[in-house]
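A.B. asks: Structure incoming, see below.
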Amino acid sequence: MRYVSWLAAAAVAASVLGSVPAIAGETPSPPGARVWIIWPKDGEVIHGGKLWVRMGAKNIGIAPAGIIKAKTGHQHLIIDRPLPPFDEDIPADKNHLHFGGGQTEARIELPPGRHTLQILMGDHDHIPHNPPLYSEQITVIVP
């Protein structure tokens, strides 16, 4: 009977935990660090679809990918996707833009429609910090 109860509890835990991103990488987040999207603002209407995304960071330095330096990282812009697993490399594709050169702003172009934008900090190896540093997700509209 105990064996069956333990299995049931494990199955419930696995189903619940399976929907939550895994634990982050080994690089610690600086205390009090946060990131956010400076512009555009949530709900902004972007005519023509071309825009500059400006990214903010507080209590964490911005360093290029590959540079191992305490209390630093670089930003990734997640477009129209949920946050990726926190214990893996952040993907690099049209929905996961890497700013491994240490950029804090970027010109992007979005097709017509409703789009979500979110920043996720990565360490020197493009793996999220522990705990992960990410902005609120915002929505922009391209008419």
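A.B. asks: Identify all residues within the stretch 75-94 that are more than 10 Å from the chain's Cα centre (by Cα) and more than 18 Å from E136 (Cβ to Cβ); write none if there are none.
C.D. replies: D87, E88, D89, P91, A92, D93, K94
A.B. asks: Given the options G56, G43, G101, G32, name the one that is assigned to a strand (DSSP E or B) and at pLDDT 95 or above.
C.D. replies: G56
The values are calculated or read from the model by the stated rules, or taken from the named source; none is laboratory data. None of the values given here were measured: they were computed from a predicted structure. Note: ideal-geometry Cβ built from the backbone for every residue, glycine included; neighbour counts use all protein chains shown.
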